[in-house]
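These notes are about the structure you will find just below.
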Amino acid sequence: RRKKIVEQCERLMDEPKQIRNIAIAAHVDHGKTTLTDNLLAGAGMISQDTAGEQLAMDTEEDEQERGITIDAANVSMTHEYEDEDHLINLIDTPGHVDFGGDVTRAMRAVDGALVVVDAVEGAMPQTETVVRQALREGVKPALFINKVDRLISELQEGPEEMQERLLSVIHEVNELIRGMTEEMDDIEDWTVSVEDGTVGFGSALYKWGVSMPSMQRTGMDFGDIMDLERNDKRQELHERTPLSDVVLDMVCEHFPDPIDAQPRRIPRIWRGDNESEIAEGMQLVDENGEVVLMVTDIGIDPHAGEIAAGRVFSGTIEKGQELYVSGTAGKNRVQSVGIYMGGEREEVEHVPAGNIAAVTGLKDAIAGSTVSSVEMTPFESIEHISEPVITKSIEAQNMDDLPKLIETLRQVSKEDPTISIEINEDTGEHLISGQGELHLEVQTQRIERNQGIPVNTGEPIVVYRETPTTSSQEVEGVSPNRHNKFYITVDPLSDEVLDKLRLGDVSMDMPEQERREVLQDAGMDKETSQNVENIIGKNIFIDDTKGIQHLNETMELVVDGLQDSLEDGPLAAEPVEGALIRLHDARLHEDAIHRGPAQVIPATRDAVHRALIDAEIRLLEPIQDVRIDVPSEHMGAASGEIQGRRGRVDDMYQEGDLMVVEGIAPVDEMIGFSSDIRSATEGRASWNTENAGFRVMADNLQPEIIDEIRQRKGMKTELPESINYF
Ligand code: GDP
């Protein structure tokens, strides 16, 4: 049977019209895994009886234990719709926002996203996040409202009450979609509706589903369905209106195929020349074009080693090809190509444009790489809505494991680019940074368990930022030999410009004209926008000088100096963001020998640091949105847990039989939250957090934290005299 399915997949791979690349995205616990298993069972990939229990997508042991999905896994299946076979390539997305980077990467590889929403809970914070991620990538949404059985059997809702509830879920989701797509000119109306068949309802647990088209086909109306569900005739319900058919029909009918999607999506997700041959190959889904693979995920197979999975946008991938990997110098040779069936990989002869491929041999690729047969502009770096905000030290318990630990850490950061690592071979105490406490905990447990390396980890440490709060005077930076001088000022960037930088809407890879326009739209004056020399992290460097001899050839060193100074801010050597640095004037030595790195870098570094201090630089701390769902008797305890952490409760309201408490709190204070909230509410609270950016810390807290960080980093704890504004 399996062999037959593989053959069928291979045949369909060559017919892009029959292909749908999709993701299922949901807030944690809304039923994505259960639904996915149903689809696999419906397509004959796993047995019907065990669907829902098998959790085929949650392949990692720790995912099964925690009941959450972490790695984006891939699976292909076939489905017959209107007498034609379709190949559905499904990419799994993690539900927990701590793993936001994986969600964005998965979205880039697909053309349609099935958003699953729990009928009882309605749209939740992560529903909003996944919808936003889909729309930003030009991915079309459809809605499946899950757990409808609970409305009928548990909450005993009548038809009207139920209709009202379902309509309000649809309305919530449409509000999100409308709000986010209004400004996009390349898409039509992407709101969902029952009438169009872009909304389905049902129960992933009991394996039944309905949509407008399915009701028309089976002749069953909602009343019939409610009767069967209420009378516990779920098996009958499943047989008369099986969930997998309803959902897969919806996928085939409403999600775009690659031929339809790629011409629209490529200009949105790729910044290269849209008139070029490569662009044409991608827009036409040309299997004979140059090979372009966008890697979304790196997995490890105990036998085959590293596997790069991703979307083939153009050309055909085959064994033996020598392909470029973006961001690296050489080429890698393809050792094998395959597709995914369930959690397993099946080798095939070739994988053409429009499909999801699993490739071995691409040893330099990381999640996010562009792999291609000719050198090309890579897909714009996938923007991670959240940056690492927490760091832990990690060291091997046994000296013998040292090399293996280093290798494993490198591997982890390759597989999950939202993890960053800092290897310290001298002390053996490495640093691992990620999206939150849970994110790091999961990764370190994997290292211990999967790799069998016992490790010791340090206390989690929060990552801060430094930012100027006012405009500085002009500062003169002098090189050690006193022959080179740089005149620099620093101003705070406006929130609008900073947002553009955060979202990746402005970068040095984009055409200059476009960059100017984006910056001017964000309120930057014309002349400044024309003088942008570089973008360094979330800071902009403006060159306002004119006709200074030798400056051009020295500029690279100036930028190096800036980079240096911005990576380690003057307060606590944390990264600087939100600075507009202007070079007004410079004096340079005639002779290149006297204006080398040892002269220019310290001069600019010193000038930038002094200008930042003059611009009253402050520490920023990361904050998180917190949402707690809790029975009303524990509401006071739950809001107390937020308030007691320098947090703020913004809203409290009833939802179903629970109270919802929403607020924000600093990441630093959220360490240990999970056990505290458990004991404060007798384990009755469910909660989640989402990174919500950085905010300036209150002045009275700054000196203590700065001191703490400086001590930890082994810096002089005494601040420079000039920082006396606290
Ligand atoms: P995920 O986190 O989105 O992957 O959610 P899961 O598929 O793991 O489901 C979370 C929980 O909800 C599990 O206990 C499921 O058994 C349960 N669940 C999923 N779908 C349904 C449904 O349609 N009805 C009911 N009553 N429970 C469901």
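Conditions (1) within 16 Å of the ligand (Cβ to nearest atom); (2) at pLDDT below 85, marked per residue:
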site	(1), (2)
I5	no, yes
K17	no, no
T34	yes, no
D58	yes, yes
D85	no, no
I91	yes, yes
D102	yes, yes
Residue that is farthest from the chain's Cα centre (by Cα) [pool: residues in the stretch 143-152 that are among the aliphatic types (A, V, I, L, M) and farther than 25 Å from R20 by Cβ]: I152
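Quick grid of which residues meet (1) without any contact (Cβ under 8 Å) to a residue 12 or more places away in the chain; (2) surrounded by 15 or more Cβ atoms within 10 Å (Cβ to Cβ); (3) under 30 Å from I269 (Cα atoms); (4) not polar (S, T, N, Q):
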| position | (1), (2), (3), (4) |
| --- | --- |
| S373 | no, yes, yes, no |
| T391 | no, yes, no, no |
| R410 | no, no, yes, yes |
| V442 | no, yes, no, yes |
| I461 | no, yes, no, yes |
| V490 | no, yes, no, yes |
Leading residue by the ranking (farthest from Q163 (Cα to Cα)) among those in the stretch 212-227 that are in a helix (DSSP H, G or I) and among the hydrophobic types (A, V, I, L, M, F, W, C): M215
Any hit, the stretch 243-265, residues being free of Cβ contacts under 8 Å to residues at least 24 places away in the same chain, more than 16 Å from the ligand (Cβ to nearest atom) and assigned to a loop (DSSP other than H, G, I, E, B): no
Count - residues of the stretch 387-425 that are over 30 Å from E577 (Cα atoms), among the acidic types (D, E) and in a helix (DSSP H, G or I): 3
Any chance R610 is at pLDDT 95 or above, surrounded by fewer than 22 Cβ atoms within 10 Å (Cβ to Cβ) and either of a type outside the set (G, A, S) or within 28 Å of the chain's Cα centre (by Cα) (or both): yes
Of all residues in the stretch 118-144 being hydrophobic (A, V, I, L, M, F, W, C), touching a Lys or Arg at 6+ places or on another chain (Cβ under 9 Å) and outside any helix (DSSP H, G or I), the one that is farthest from the ligand (Cβ to nearest atom): V139
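A quick yes/no check of all residues on (1) at pLDDT 95 or above; (2) over 29 Å from the mean Cα position of the chain (by Cα); (3) farther than 21 Å from H30 by Cβ; (4) surrounded by fewer than 22 Cβ atoms within 10 Å (Cβ to Cβ):
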residue: T129; (1), (2), (3), (4): no, no, no, yes
residue: P141; (1), (2), (3), (4): yes, no, no, no
residue: E154; (1), (2), (3), (4): no, yes, no, yes
residue: P159; (1), (2), (3), (4): no, yes, yes, yes
residue: M184; (1), (2), (3), (4): no, no, yes, yes
residue: W190; (1), (2), (3), (4): no, no, no, yes
residue: K207; (1), (2), (3), (4): no, yes, no, no
residue: Q216; (1), (2), (3), (4): no, yes, yes, yes
residue: I225; (1), (2), (3), (4): no, yes, no, no
Any hit, the stretch 60-73, residues being at pLDDT 50 or above and either within 16 Å of the ligand (Cβ to nearest atom) or among the charged types (D, E, K, R) (or both): yes
Residue in the stretch 311-327 that is touching a residue at least 60 places away in the same chain (Cβ under 8 Å), surrounded by 21 or more Cβ atoms within 10 Å (Cβ to Cβ) and under 21 Å from the mean Cα position of the chain (by Cα) present: yes
Yes/no for G361 being surrounded by 18 or more Cβ atoms within 10 Å (Cβ to Cβ), in contact with a Gly (Cβ under 7 Å, 6 or more places away or on another chain) and among the small types (G, A, S): no
Some residue of the stretch 483-505 being small (G, A, S) and touching a Leu at 6+ places or on another chain (Cβ under 8 Å): no
Contacts under 8 angstrom Cβ, first residue in the stretch 14-30 being in a loop (DSSP other than H, G, I, E, B), partner basic (K, R) and within 16 Å of the ligand (Cβ to nearest atom), 6 or more apart: H30/K147
Selection count where residues are modelled with pLDDT under 90, surrounded by 24 or more Cβ atoms within 10 Å (Cβ to Cβ) and within 6 Å of the ligand (Cβ to nearest atom), scope the stretch 19-31: 1
Output for the stretch 197-210, where each listed residue is touching a strand residue (DSSP E or B) at 6+ places or on another chain (Cβ under 6 Å) and closer than 12 Å to S244 by Cα: G200, F201, G202, A204, W208, G209, V210
Meets criteria (surrounded by 24 or more Cβ atoms within 10 Å (Cβ to Cβ) and modelled with pLDDT under 70) for H96: yes
Number of the exception - S276 against (1) under 22 Å from the mean Cα position of the chain (by Cα); (2) free of Cβ contacts under 8 Å to residues at least 12 places away in the same chain: (1)
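So that you can scan it fast, the table gives a plain yes or no per residue for (1) in contact with a strand residue (DSSP E or B) (Cβ under 7 Å, 6 or more places away or on another chain); (2) among the acidic types (D, E):
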residue: E137; (1), (2): no, yes
residue: A142; (1), (2): yes, no
residue: L155; (1), (2): no, no
residue: E160; (1), (2): no, yes
residue: E164; (1), (2): no, yes
residue: V169; (1), (2): yes, no
residue: E195; (1), (2): no, yes
Qualifying residue in the stretch 237-252 (condition: at positive phi and surrounded by fewer than 22 Cβ atoms within 10 Å (Cβ to Cβ)): no
Checklist (1) away from the ligand (no atom under 14 Å from the Cβ); (2) surrounded by 19 or more Cβ atoms within 10 Å (Cβ to Cβ); (3) under 30 Å from the mean Cα position of the chain (by Cα) applied to G200, failing item: (1)
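The values are calculated or read from the model by the stated rules, or taken from the named source; none is laboratory data. Everything quoted here is computed from the prediction, not taken from an experiment. No Cβ is skipped: glycine too gets one built from the backbone with ideal geometry, and neighbour counts run over all protein chains shown.
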